[in-house]
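Below is one structure, written out as structure tokens; the observations come after it.
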Amino acid sequence: MAFVSRLNSLGKVSSVKSPQISQRALTRFCHQYYPFSLRKISRRLVALVFVVLSLIFSLESARAQDRPQLSAIDRTRLAEAFRLGARIGDQIWPDWSKAPFAVLLVTAEHEFLIRHPKPSADFNSLGYDPSLKSDVYYRKRHFLTHFLATFPAISGSMISTIVVGQAENTTARTSTRWVITLLHEHFHQLQDSQPSYYTDANALNLSRGDQTGMWMLNYAFPYERTDVQQQFSAMSQLLAAAVQPRSLPRAERAKRARAYLEARRKFQQLLPSDDYKYFSFQFWKEGIARYTEYQVARLAAKYRPTKEFRALKDCRSFAEVGKSMYEEIFRELLTQKLGESKREVVYAFGAAEGLLLDEINPRWRSRYFEEKFDLWKLFP
């Protein structure tokens, strides 16, 4: 070990990218550190050692070059998401910073695993990345490049992991929106990490025997029923009116809120118990994730990104993105049709319910994880 340690002191020997060692330097090294035992070493032996070491360093260099690397843009985006989450997350949800923030980034040929404590055996290490504050692992690509979901994606681990494509390949498209979207998914990690979350979700008895979790996407909700469509549309209009505009007198806002809640009761009465539980679950899970996404963008308006992130060509201000998201929530709420958009309606609808709860029950977030899977319990 002492020999190797001293050998690394030779110029650029320790550099994997460009190992350089000369025969003269090797001879000088032997004379300096081993004056008695190695001073009489033959030139032939020195040459042999030189050849062997050169071969070793060449192989190491080739192996390092063969390993995939995170691009500078991907590293900057990920680092900004981690930094923003740490800076403002707990202001929105207490102890959000304690939730896992494992990410599997999907690129064209490889997947990179960051901040996951238990990578499976099919991953290889790239070492520690200071900007990401994490060891980074890689493997050949398994998922589609536009993938975006959060679930226990790593074999042998139940840690909820964000599986996400690069910004250009997802619906986010740009760096700033991608960072906000990553924090939407990070909120799912907070949901999934709650004690008994999976047990309580299974206790809804909505899976119909499905053990993969796909029932959350594929549940046979009666989207095609005309009466359900009509009531959902009326309910959506009343919800939008109850939240906007905020300049209305308090008495008028309270009146609109009551009208919305009555329409919601009628919607519940139209549905069999399991169908209502399913939509309530979706409002609670996906709708509030969209609400959280907006709140992240709103608070980030006062946050200063790193100079590396600001230098990205597609960087937009968080204030601009937040304004766009707010408008998008109500545009979708007022125009989407249950029979056409199906499950997709829950995102804007649940987000708007979160905004209404801010108005009529400001402390609702403190009870959100206690009253699982039904926002109705949080309305006064």
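If I ask for residues that are buried (at least 19 other Cβ atoms within 10 Å of the Cβ) and either in contact with a Pro (Cβ under 8 Å, 6 or more places away or on another chain) or within 17 Å of Leu333 (Cα to Cα) (or both), which ones from segment 217-234 would you list?
Val228, Gln231, Phe232
Tell me yes or no: at least one residue of segment 328-340 is of a type in the set (Val, Ile, Thr), more than 14 Å from Trp284 (Cα to Cα), in the same structural domain as Ala263 (by TED's automatic domain parsing) and not in a loop (DSSP other than H, G, I, E, B). Quick ask: steps written out before the conclusion?
Let us first name the residues in segment 328-340 that are of a type in the set (Val, Ile, Thr), namely 329, 335.
Imposing the further condition that a residue be more than 14 Å from Trp284 (Cα to Cα) reduces the set to 329, 335.
Pick out the ones that are also in the same structural domain as Ala263 (by TED's automatic domain parsing) and you get 329, 335.
Going one step further and asking which of them are not in a loop (DSSP other than H, G, I, E, B), we end up with 329, 335.
Looking for residues that are of a type in the set (Val, Ile, Thr), more than 14 Å from Trp284 (Cα to Cα), in the same structural domain as Ala263 (by TED's automatic domain parsing) and not in a loop (DSSP other than H, G, I, E, B), one finds at least one in segment 328-340, hence yes.
So, Val179, is that one out of contact with any Phe, Trp or Tyr (no Cβ under 7 Å at 6 or more places or on another chain) and surrounded by 15 or more Cβ atoms within 10 Å (Cβ to Cβ) or not?
Yes: the conditions hold for Val179.
Anything in segment 93-111 that is within 15 Å of Pro68 (Cβ to Cβ) and surrounded by 15 or more Cβ atoms within 10 Å (Cβ to Cβ)? List them, or say none.
Selection gives Leu104, Leu105, Val106, Thr107, His110, Glu111.
Check Glu224 against each of (1) among the acidic types (Asp, Glu); (2) over 30 Å from Val296 (Cβ atoms); (3) part of a helix (DSSP H, G or I) and name the one condition it does not meet.
(3) is the only condition that Glu224 fails.
In segment 266-284, what residues are hydrophobic (A, V, I, L, M, F, W, C) and in a loop (DSSP other than H, G, I, E, B)?
First pass over segment 266-284, keeping only residues hydrophobic (A, V, I, L, M, F, W, C): 267, 270-271, 279, 281, 283-284.
The one that is hydrophobic (A, V, I, L, M, F, W, C) and in a loop (DSSP other than H, G, I, E, B): Leu271.
Which one of these does Leu38 not meet: (1) in contact with a Cys (Cβ under 7 Å, 6 or more places away or on another chain); (2) at pLDDT 95 or above?
(2)
If a residue has to be touching a residue at least 60 places away in the same chain (Cβ under 8 Å) and either in a loop (DSSP other than H, G, I, E, B) or among the β-branched types (Val, Ile, Thr) (or both) to count, how many in segment 312-324 make the cut?
Total satisfying the criteria: 6.
If Lys118 passes every condition in (1) of a type in the set (D, E, K, R); (2) in a loop (DSSP other than H, G, I, E, B); (3) without any contact (Cβ under 8 Å) to a residue 24 or more places away in the chain but one, which one does it miss?
(3)
Tell me, please, whether a residue that is farther than 20 Å from Ala220 by Cα, free of Cβ contacts under 8 Å to residues at least 24 places away in the same chain and either in contact with a helix residue (DSSP H, G or I) (Cβ under 8 Å, 6 or more places away or on another chain) or assigned by TED's automatic domain parsing to the domain that holds Glu80 (or both) can be found in segment 286-294.
no
Scan segment 121-148 for residues that are small (Gly, Ala, Ser), under 25 Å from Thr170 (Cα atoms) and assigned to a loop (DSSP other than H, G, I, E, B) and jot them down.
Result: Ser131, single match.
Conditions first: (1) surrounded by fewer than 20 Cβ atoms within 10 Å (Cβ to Cβ); (2) in contact with a helix residue (DSSP H, G or I) (Cβ under 7 Å, 6 or more places away or on another chain). Arg265 passes all but one, so which condition is the exception?
Checking Arg265 against (1) surrounded by fewer than 20 Cβ atoms within 10 Å (Cβ to Cβ); (2) in contact with a helix residue (DSSP H, G or I) (Cβ under 7 Å, 6 or more places away or on another chain), the one that fails is (2).
Please give the number of the condition Lys302 fails out of (1) of a type in the set (D, E, K, R); (2) part of a helix (DSSP H, G or I); (3) at pLDDT below 95.
Status for Lys302: all satisfied but (2).
Yes or no, residue by residue, for (1) closer than 18 Å to Arg77 by Cβ; (2) of a type in the set (A, V, I, L, M, F, W, C):
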{"site": "Trp93", "(1), (2)": "no, yes"}
{"site": "Pro117", "(1), (2)": "no, no"}
{"site": "Thr161", "(1), (2)": "yes, no"}
{"site": "Gln166", "(1), (2)": "yes, no"}
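Can you tell me which residues in segment 155-213 are in a helix (DSSP H, G or I), within 19 Å of the chain's Cα centre (by Cα) and polar (S, T, N, Q)?
Hits for segment 155-213 are Asn169, Ser175, Thr176, Thr181, Gln189, Gln191.
Can Arg246 be described as surrounded by fewer than 20 Cβ atoms within 10 Å (Cβ to Cβ) and either in contact with a helix residue (DSSP H, G or I) (Cβ under 7 Å, 6 or more places away or on another chain) or farther than 30 Å from Asp74 by Cα (or both)?
yes
Being among the hydrophobic types (A, V, I, L, M, F, W, C), surrounded by fewer than 15 Cβ atoms within 10 Å (Cβ to Cβ) and closer than 16 Å to Gln166 by Cα is the filter here, so list the residues in segment 112-148 that pass it.
If the condition is that a residue be among the hydrophobic types (A, V, I, L, M, F, W, C), surrounded by fewer than 15 Cβ atoms within 10 Å (Cβ to Cβ) and closer than 16 Å to Gln166 by Cα, then Leu144 is the only one that fits.
The values are calculated or read from the model by the stated rules, or taken from the named source; none is laboratory data. All figures in this text were calculated on a predicted structure; none of them were measured in a lab. Cβ atoms come from the backbone with ideal geometry, glycine included; neighbour counts cover every protein chain shown.
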